[in-house]
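Trainee: Dropping a structure here in structure tokens format, bear with me for questions.
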Amino acid sequence: TLNNSFSESDAAITDLRKEVTEELTKLKLTLTQDPDDPYTQIINLDEEKVKFDSNKDNLKPEGRQLIDDLFAVLTPKLCDKELYSKLESVIIEGHTDVTGNATIEGKLWNVKLSQDRAYAVMNQAFTSIGTAKSENVDCLRLLASATGRGSNRPLKDRPTSANRRVEVKIRVKSVFRGRT
């Protein structure tokens, strides 16, 4: 039974990759395996892609356009009945670099900033699909959440600027967890 469940999760990841990879490539984005969770795939939106001003949470126009384009193609795929039944969640996760971490206030600022940026991306995602089919809006509402991690999860061997990012994490159901 466990082997079958693991196989189902692996098949769900394969299906997810098959459904979204081509569209992500057109947007110059990739879907990568989360190194900490075999059931999660990540779309990394680094600072160059989401275009936040320094220490700000408002998206610049080119960042809004990327989020619009991303969720215009991603939401219908994720909300398709076949794929939706295999998904657990979509987490929009904000991150910062270590600037300001020398003080507790700086660390708290980084958590707040990363949370605000994650909410900005999620808000733009809903804005971009707001005129789409209402079932897709409802579907994304059920799947999506936003969280901020501050500077707690830096990318190893990458420039500091790469840590100022938002990640869209898509998690498939596993044998241990799932949405009914």
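The values are calculated or read from the model by the stated rules, or taken from the named source; none is laboratory data. This one's a predicted model, so the numbers in the text were calculated from it and none came from an experiment. Cβ coordinates were reconstructed from backbone atoms using ideal geometry, including for glycine residues, and neighbour counts include every protein chain displayed. Ligands, DNA and RNA are stripped out before the accessible areas are found, and what is left, the full protein with its side chains, is counted by its heavy atoms. Shrake-Rupley method; radii C 1.70, N 1.55, O 1.52, S 1.80 Å.
Trainee: Which of the residues that make up the stretch 37-73 are among the charged types (D, E, K, R) and either at positive phi or surrounded by fewer than 17 Cβ atoms within 10 Å (Cβ to Cβ) (or both)?
Mentor: Selection gives Asp37, Glu48, Lys51, Asp53, Lys56, Lys60, Glu62, Asp68, Asp69.
Trainee: Out of the stretch 1-14, which residues are open to solvent by 30 Å² or more (accessible area, probe 1.4 Å), at pLDDT below 85 and under 21 Å from the mean Cα position of the chain (by Cα)?
Mentor: Asp10, Ala11
Trainee: Testing Glu23 on (1) charged (D, E, K, R); (2) open to solvent by less than 50 Å² (accessible area, probe 1.4 Å); (3) touching a strand residue (DSSP E or B) at 6+ places or on another chain (Cβ under 7 Å), one condition comes back false. Which one is that?
Mentor: Unmet for Glu23, out of (1) charged (D, E, K, R); (2) open to solvent by less than 50 Å² (accessible area, probe 1.4 Å); (3) touching a strand residue (DSSP E or B) at 6+ places or on another chain (Cβ under 7 Å): (3).
Trainee: Do the conditions hold for Gln124, that is, is it in a helix (DSSP H, G or I), open to solvent by 50 Å² or more (accessible area, probe 1.4 Å) and of a type in the set (S, T, N, Q)?
Mentor: In short, no.
Trainee: Scan the stretch 74-117 residue by residue and report those that are open to solvent by 40 Å² or more (accessible area, probe 1.4 Å), among the β-branched types (Val, Ile, Thr) and within 18 Å of the chain's Cα centre (by Cα).
Mentor: Hits for the stretch 74-117 are Ile91, Val111.
Trainee: Given the structure, is Asn123 over 26 Å from Thr14 (Cα atoms) and at pLDDT 85 or above?
Mentor: Taking the combined requirement at face value, the residue satisfies it.
Trainee: Could you list, in sequence order, the residues of the stretch 136-155 that are under 18 Å from Ser89 (Cβ atoms) and over 15 Å from the mean Cα position of the chain (by Cα)?
Mentor: Answer for the stretch 136-155, where residues must be under 18 Å from Ser89 (Cβ atoms) and over 15 Å from the mean Cα position of the chain (by Cα): Asn136, Val137, Asp138, Cys139.
Trainee: Among the residues that make up the stretch 158-165, is at least one of them over 28 Å from Ala12 (Cβ atoms) and out of contact with any Asp or Glu (no Cβ under 8 Å at 6 or more places or on another chain)?
Mentor: yes
Trainee: Could you list all residues from the stretch 138-158 that are open to solvent by less than 70 Å² (accessible area, probe 1.4 Å) and touching a residue at least 40 places away in the same chain (Cβ under 8 Å)?
Mentor: Cys139, Leu140, Leu143, Ala144, Ser145, Ala146, Thr147, Gly148, Gly150, Ser151, Pro154
Trainee: Moving on. Please give the helices (runs of 4 or more DSSP H) falling wholly within the stretch 1-116 in which 2 or more residues are acidic (Asp, Glu) and either touching a helix residue (DSSP H, G or I) at 6+ places or on another chain (Cβ under 6 Å) or within 25 Å of Cys139 (Cα to Cα) (or both).
Mentor: 2-26, 61-78
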